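Asker: Shown below is the structure under consideration.
The values are calculated or read from the model by the stated rules, or taken from the named source; none is laboratory data. For clarity, every value in this text was computed on a predicted model and none was experimentally measured. Please note: Cβ atoms are built from the backbone with ideal geometry, for glycine as well, and neighbour counts cover all protein chains shown.
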Amino acid sequence: MNRFNKSILAAGMVMGSATVWAADKTPTLGDVLQASDITFSGYIDTSYSYLTGNGLFTSGTPDRVYDAQHNAFSLHTIDLSASYLPASGFGAMTQLDYGTDAAVTSAGTGLPAVNGGSEVDVQQAYLQYATGPLAVMAGKYDTLAGEEVIASPSDYNFTRGILFGYAIPFSHTGVRATYALNSDYKLIAGVNNGWNVVTPSTTGVYGKTLELGFAATPVKPLSLNAVLYSGDAPGSAGVAGRRDLLDLVGSYNATDALTLALEADYGQQADAVTVGSKAKWSGVAAYANYDINSLWRVAARLEYFNDKNGLMTGIAQKWKEGTLTLAFMPTVHTELRGEVRYDKSDKSVFEMVNGTSKDNQSSIGVEGLYKF
């Protein structure tokens, strides 16, 4: 892709690989970065949210990912990304986050109230080499699993769903290779330290996690993604047990305005709760986004999650949630979201602020995003 925009061409002229600037024009930092094929982007994510519970299950595990506060304003993320990823040759990418969301992802557990991390996180940082249909990256990168992602501007809703926080990992550190069979089909394979692990534990000997993925666009409106993760993970009393996850995602552009998506997850881990047994979890999620016009859109999400042995939430339960989000985009850089959400379990697992517990909780939230 040619990254020279009209302002750069007006300010100077390109001769071979060098750019000569007009005498009366001093290039800005943005001009220099674009002329160097370096892409710089980011966003600021802030919100106010009110949760009827105190953000914890009765097990002590947080019942939300990034919005577990009962009544709070939050600076979720200041995100800065820089990349140079040419179609052929060596490149690199780095993405730095600051804020309360970074404290969750840097902890590597998804449990901010139990094991909070630093509010500064290197979300991604990797080197890449590309040649023809093959691209190989080494470093830290986002997971292949899931419909939702860490970067809020790319999600339909303000809050992250159950599957994002409790069924799949956030990121991996290792080596990943992507091979494009053609423009519609890709194969992915990688070897990682595990789930959300940058440096392996020195207190136990664990193997690596294998990553296998397949991405397809069999027809223009439809995209399909499948990924399998398998490898050792810490379990009961530090015993390493094999953790397996199969994640399937399909997205369909029904019309120019309407997008539908479906996600299904199945996971299991040996020796996770008790030695000699397997803990299992599974879930499904449905997403819909409708663009009313260029300024407004509405999105909905429905989920069901079965934490059969209580590995992911600390309690064996069946958990459901429904979310409705209305978004207003007054400029190409700005988005405001208002949201309501309702969670329901088959057990009284949600802690209330008065010390009691209930089988349900609800929340409202207002989010402001600025993208650059």
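Asker: May I ask you to list the residues in the range 58-79 that are surrounded by fewer than 22 Cβ atoms within 10 Å (Cβ to Cβ), in contact with a Ser or Thr (Cβ under 8 Å, 6 or more places away or on another chain) and hydrophobic (A, V, I, L, M, F, W, C)?
Answerer: A72, F73, L75
Asker: Could I ask something else about it? Of everything in the range 50-81, what is farther than 22 Å from V120 by Cβ and assigned to a strand (DSSP E or B)? Give them in sequence order.
Answerer: Y50, L51, G53, N54, G55, L56, F57, N71
Asker: Does L324 meet the test of being in a loop (DSSP other than H, G, I, E, B) and among the aliphatic types (A, V, I, L, M)? Talk me through it step by step, then tell me what you get.
Answerer: Numbers: in a loop (DSSP other than H, G, I, E, B): no; among the aliphatic types (A, V, I, L, M): yes.
The answer is no for L324.
Asker: Conditions: (1) buried (at least 19 other Cβ atoms within 10 Å of the Cβ); (2) more than 18 Å from I168 (Cα to Cα); (3) under 18 Å from the mean Cα position of the chain (by Cα). V227 meets all but one. Number of the miss?
Answerer: (2)
Asker: Mind checking whether some residue in the range 45-60 is in contact with a Gly (Cβ under 9 Å, 6 or more places away or on another chain), among the acidic types (D, E), assigned by TED's automatic domain parsing to the domain that holds R337 and more than 30 Å from P133 (Cα to Cα)?
Answerer: Scanning the range 45-60, I find at least one residue that is in contact with a Gly (Cβ under 9 Å, 6 or more places away or on another chain), among the acidic types (D, E), assigned by TED's automatic domain parsing to the domain that holds R337 and more than 30 Å from P133 (Cα to Cα), so the answer is yes.
Per-residue answers, yes or no, for (1) part of a loop (DSSP other than H, G, I, E, B); (2) closer than 23 Å to F57 by Cα; (3) modelled with pLDDT of 95 or more:
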residue	(1), (2), (3)
S83	no, no, yes
L96	no, no, yes
V114	no, yes, no
Q128	no, no, yes
A145	yes, no, yes
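Listed here are the residues, each with its yes/no results for (1) surrounded by 18 or more Cβ atoms within 10 Å (Cβ to Cβ); (2) touching a residue at least 60 places away in the same chain (Cβ under 8 Å); (3) touching a Lys or Arg at 6+ places or on another chain (Cβ under 8 Å).
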{"site": "L245", "(1), (2), (3)": "yes, yes, no"}
{"site": "D265", "(1), (2), (3)": "yes, yes, no"}
{"site": "D291", "(1), (2), (3)": "no, no, yes"}
{"site": "L295", "(1), (2), (3)": "no, no, no"}
{"site": "R301", "(1), (2), (3)": "yes, yes, no"}
{"site": "T313", "(1), (2), (3)": "yes, yes, no"}
{"site": "Q317", "(1), (2), (3)": "yes, no, yes"}
{"site": "T356", "(1), (2), (3)": "no, no, no"}
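Asker: Condition first: under 21 Å from F158 (Cα atoms) and in a strand (DSSP E or B). Can you find one or more residues in the range 271-282 that meet it?
Answerer: From the range 271-282, those under 21 Å from F158 (Cα atoms) are none; that's our starting set.
Looking for residues that are under 21 Å from F158 (Cα atoms) and in a strand (DSSP E or B), one finds none in the range 271-282, hence no.
Asker: Out of all the residues in the range 233-257, which are among the aliphatic types (A, V, I, L, M) and under 22 Å from the mean Cα position of the chain (by Cα)?
Answerer: In the first step, residues of the range 233-257 are kept if they are among the aliphatic types (A, V, I, L, M); the result is 233, 237, 239-240, 245-246, 248-249, 254, 257.
The answer is A233, L245, L246, L248, V249.
Asker: Hey, another quick one. When you go through I188, I168 one by one, which is the residue that is β-branched (V, I, T), within 22 Å of Y126 (Cβ to Cβ), modelled with pLDDT of 95 or more and in a strand (DSSP E or B)?
Answerer: Numbers: I168 fails: in a strand (DSSP E or B).
Being β-branched (V, I, T), within 22 Å of Y126 (Cβ to Cβ), modelled with pLDDT of 95 or more and in a strand (DSSP E or B) holds for just one of I188, I168, which is I188.
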